[in-house]
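Okay, structure first, notes after.
Only the coordinates and a few stated rules stand behind these numbers; no lab work does. Computed from a predicted model, the values in this text were never measured in an experiment. Note that each Cβ is placed from the backbone with ideal geometry, even for glycine, and that neighbours are counted across all protein chains shown.
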Amino acid sequence: MNNSKSILLLTELKQTIDHCKRMLIIAELEELGIKARSIATEGGLKGYEIRHYRRVSNCCIPEVLDLFFKAKISFSLAKVIASIPRDKQEKTARDAIAKKISVHTLRAKLAHNENNRLNNDLAKMANKYSEITGLDICIHAATKNPKAGYWKIKYEDLDMFDIITDRIIGKCKDDYW
């Protein structure tokens, strides 16, 4: 770590708050063979910050990076755009600029699009199960875990509750009270 160029870059990294400069300095330090942990420690940044800069640098296409360097999109928006497929990045970035889409809105939109097919499939299954059982069934996917979710079975009165319990448990209500 005693290379004079790396020391100068690390000093500059500590002093700058500009995301573009930070990203370029981190990329240059990595080219010099400096490990991310050393950059974080010596540069006064957290490990996750280094990972964010590297991700934007490595995952964004040149057109998106150009928009970032020209301050057309924020670093936060570039981080979100880095997570989508490369063939859709430029269009997403230009749409975000044209429509003034916030980072929060873009994240929500991307999450909704990813779960859209799953939600449609679950709605079809819920309708089919409702028809078969005669119960009002809803099936929802969990928002953070695509392999999890929950079922909701509605009832209008206690008689309907007894019917639901009977179908799920398979016993009459006197056996489980």
Across K100, K154, K46, the residue with the highest GNM fluctuation in the chain (Cα network, 10 Å cutoff) is K154
Of all C-alpha pairs within region 1-74, those more than 20 angstrom apart amount in percent to 26 percent
With the convex hull built on the alpha-carbon atoms of the chain, volume per residue in Å³ sits at 194 Å³
Over the chain, the sum of -39500 (n - 2.57) across DSSP H runs of at least four, divided by residue number and rounded to 500 deg cm²/dmol, gives at 222 nm -21500 deg cm²/dmol
Neighbours of R94 by Cβ distance under 10 Å: Lys/Arg at +1, Asp/Glu at -1, summed charge 0
At R0 = 25 Å the Cβ-Cβ FRET efficiency linking E28 and D87, nearest 0.05, sits at 0.30
The set of residues whose placed amide H lies less than 5 Å from the amide H of G149, leaving out same-chain residues fewer than 5 positions away, is A142
Bounding extents of region 116-176 in its principal axis frame from Cα atoms, largest first in Å, are 41, 22, 18
For K21, counting only lysines whose alpha-carbon sits under 19 Å away and dropping same-chain residues fewer than eight positions off, the answer is K5, K35, K46, K70, K72, K79
Here region 94-101 yields Karplus 3J(HN,Hα) values (6.51, -1.76, 1.60; θ = phi - 60°; whole Hz; Gly and Pro given as x) of 5, 5, 4, 5, 5, 9, 6, 7
Tilt, helix 158-169 to longest principal axis of the chain (alpha-carbon atoms), in degrees rounded to tens, equals 70 degrees
About its Cα centre, the chain carries a charge dipole, from +1 on Lys and Arg Cβ atoms and -1 on Asp and Glu Cβ atoms, whose size in debye to the nearest 20 is 860 debye
Listed residues C20, C59, C138; largest mean-square fluctuation, Gaussian network over the chain with Cα springs below 10 Å, found at C138
Largest first and rounded to whole Å, the semi-axes √(5λ) derived from the alpha carbon gyration tensor of region 17-56 read 13, 12, 9
